[in-house]
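Below: one structure, written as structure tokens.
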Amino acid sequence: MPAPHAPHDLGYRSLFAHPELVRELITDFTSFKLLDDVALSAFERVNPAYVSERLSARQDDVVWRVRLGDEFLYVYILLECQSGVDRWMALRMQTYIGLLYQDLVKGHELSPGLLLPPVLPLVFYNGLPRWSASMELAGLLMQAPAELAALQPSQRYVLIDQQRMDRTALEANASLLALLFRLELSAGPDVLYQVLPALTTWFADAPQSSLRRSVQVWINALLARGASERALLVADSVEEGDDMKGKLDTWAEEFEELGFQKGCAQGKAEGVAEGIAKGQAEGQVIALRGALKSLLRVRFGDVPELTAQRIERATQAELEGWIGRSIDSPSLPELFGDDAAPA
């Protein structure tokens, strides 16, 4: 049985069901410019449920084909929403593209020259751990003998890592997809005073009701992920003519509450980290005090009270300095001055 879809996975599938956002994803968030001026009418959604004798592609990935002149380009988008890093991503991509090609051959959908079309393989990832998987299949293969090297398989993919996008560039981008990414990545003030007002303007001008509904589904999915008790609104519940002003006001309140919760959680986490760091630093100072006193007793006998008090007030840097100099210092007064005089 396949694992159930997380709400935000469904939200992204809803977004990338629209050619406008697929084109924005490629144009604004990859280095490829071949689709910049391609008309939306050239995009055609493809069902990725290819089945072979033993393997099947994931039905929740997104596949488009785009007509470029007399030929087609296929865009394969693997959605990795809020999941961990997949070490075998390059192998998976090779498998899915192979299944795509096999399906095109079986369906007699090749060019007149019976050649396989090019594919742009994209992995859209918005998990928190930094992506560390190999970007090409060669990184997963053992070193082959030299005479076999040219026979080994090859596959690469393009990674779009949402969590590590350039925030300055994102803020300068006025596209719808950039606004939605900012909604997911930004802190409360940016969401409330910049992103949501810009989305209000977009909703007022957006001509396509289906795209409007998909954006609403995505926002509700984002909120549902942030607060598990909040139910996800499905697309069928979003009717044209709903009070968008009321929806946007409600979203603003929910994002403000979500931002407050995230701030509290971050504050607690930072407090714990700060406490651990502080405890470690204090532990080091205590250990240095003990080491210095032991060293002084071995070299000079009992430590005078004023010297002991000075050691108790000393910083880590002072303690480290005294320990270093005590090895060669001929006497306590030479090391500490008048505080080292016998009581």
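By its C-alpha gyration tensor, with a ≥ b ≥ c as the square roots of the eigenvalues, how is the stretch 156-198 shaped: rounded for a/c under 1.5, else prolate for a/b larger than b/c, else oblate? Because a/c hits 1.5 or more and a/b exceeds b/c, the stretch 156-198 counts as prolate.
Among the chymotrypsin sites (Phe, Trp or Tyr not before Pro) in the stretch 60-159, those located in a DSSP loop and surrounded by at most 13 other Cβ atoms within 10 Å of their own Cβ are TRP88. For VAL158, nonlocal amide neighbours, meaning residues 5 or more places apart or on other chains whose placed amide H falls under 5 Å from its own, are LEU122, VAL123.
Where a number appears in this text, it was derived from the coordinates with a stated rule and is not lab data. What you see is a predicted model, and the numbers here were worked out from it, not measured in a lab. In this analysis, Cβ positions are derived from the backbone assuming ideal geometry, glycine residues included, and neighbour counts consider all displayed protein chains.
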